[in-house]
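Colleague: The structure follows.
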Amino acid sequence: MLDKPAAALTLKHLMLSSDETYMRLALDEARAAAARDEVPIGAVLVDTPRDAILARAGNHAIGLHDPTAHAEILAIRAAAGALGNYRLNGCTLYVTLEPCAMCAGAISFARLARVVFAAEDPKGGGVLHGGRFFDQPTCHHRPEIASGVLGEEAAALLRDFFAARR
């Protein structure tokens, strides 16, 4: 039987492994977005208690002619539709880039339990940067935040995408 510190380390290791697995799927969505000439950001929304993927999406603003068609928004919409409920209690969103303020607002309204993102976005992020949406007194729900999971891989994907267009 494991003692408490070892058990805690094991649980943390399992969560990290799961976070990396889901983030790799989000990176797949980001690469698919890049193949459509969309900004390569991907998201995966997971029903955490059941360990079930509810939705996967990549940015699609250009193709859909919709400035709100960020990967996070599309995944939230699909998951809410699949569950028949706009509240996604107990769910985790994995996204390859720090959500912007618009997406942070949607995350809050959807009542997501946790958000895991890969790369930070000092210019357009709304979680750790910019308006820090979840730190505002008007924010109704604050999810648990984890960042940096496969961050270098996600950042490289974005750098390469924009370098090819300059």
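Colleague: With +1 assigned to the C-beta of every Lys and Arg and -1 to the C-beta of every Asp and Glu, and no other charges, what is the dipole magnitude of region 79-166 about the Cα centre in debye, to the nearest 20? Intermediate results must be reported in sequence, preceding the final value.
Modeller: Numbers: 9 positive and 8 negative charges, 55 e Å.
It works out to roughly 260 debye.
Colleague: With the other protein chains left in place, how much accessible area per residue, in square angstrom, belongs to the chain at a 1.4 angstrom probe? Write out the running numbers ahead of the final one.
Modeller: Values: 8770 Å² over 166 residues.
On a per-residue basis, the chain sits at 53 Å².
Colleague: What is the antiparallel percent of DSSP beta bridges lying wholly in the chain, to the nearest 5? Intermediate values should be presented prior to the final figure.
Modeller: Numbers: 11 of 20 bridges.
Antiparallel: roughly 55 percent of the beta bridges in the chain.
Colleague: Computed from the mean reciprocal separation of all distinct C-alpha pairs, what Kirkwood hydrodynamic radius does region 31-124 have, in Å?
Modeller: Values: mean 1/r = 0.0765 Å⁻¹.
Hydrodynamic radius (Kirkwood, Cα pairs) of region 31-124 is 13.1 Å.
Colleague: Give me the percent of the accessible area of the chain that comes from carbon and sulfur atoms, probe 1.4 Å, all protein chains in place. Before the final figure, lay out each step's value.
Modeller: Working: 5150 of 8770 Å².
So the carbon and sulfur contribution to the accessible surface is 59 percent.
Colleague: Only helices at least 30 Å long along their axis, Cα-based, and averaging 0.0 or more on Kyte-Doolittle count here, so list those DSSP H runs from the chain. Walk me through the numbers on the way to the answer.
Modeller: Working: long enough: 4-35 (46 Å, 0.09).
Qualifying helices: 4-35.
Colleague: Moving on to the next point. So I have [x] 15.8, 57; [y] 16.2, 53; [z] 15.4, 44, and one of them is Rg and Dmax of the Cα atoms in Å calculated from this model. Which one is it?
Modeller: [x]
Colleague: For the chain, what is the mean residue ellipticity at 222 nm derived from helices alone (per DSSP H run of n ≥ 4: -39500 (n - 2.57); sum divided by total residues; nearest 500 deg cm²/dmol)? Spell out each step's value before the answer.
Modeller: On the way: 5 runs with 72 residues, N = 166.
So the calculated ellipticity at 222 nm is -14000 deg cm²/dmol.
The values are calculated or read from the model by the stated rules, or taken from the named source; none is laboratory data. This is a predicted model, so every value here is computed, not measured. Note that we place each Cβ from the backbone using ideal geometry, even for glycine, and neighbour counts take in every protein chain shown. The accessibility values were calculated without ligands, DNA or RNA, using every heavy atom of the protein model including side chains. Shrake-Rupley method; radii C 1.70, N 1.55, O 1.52, S 1.80 Å.
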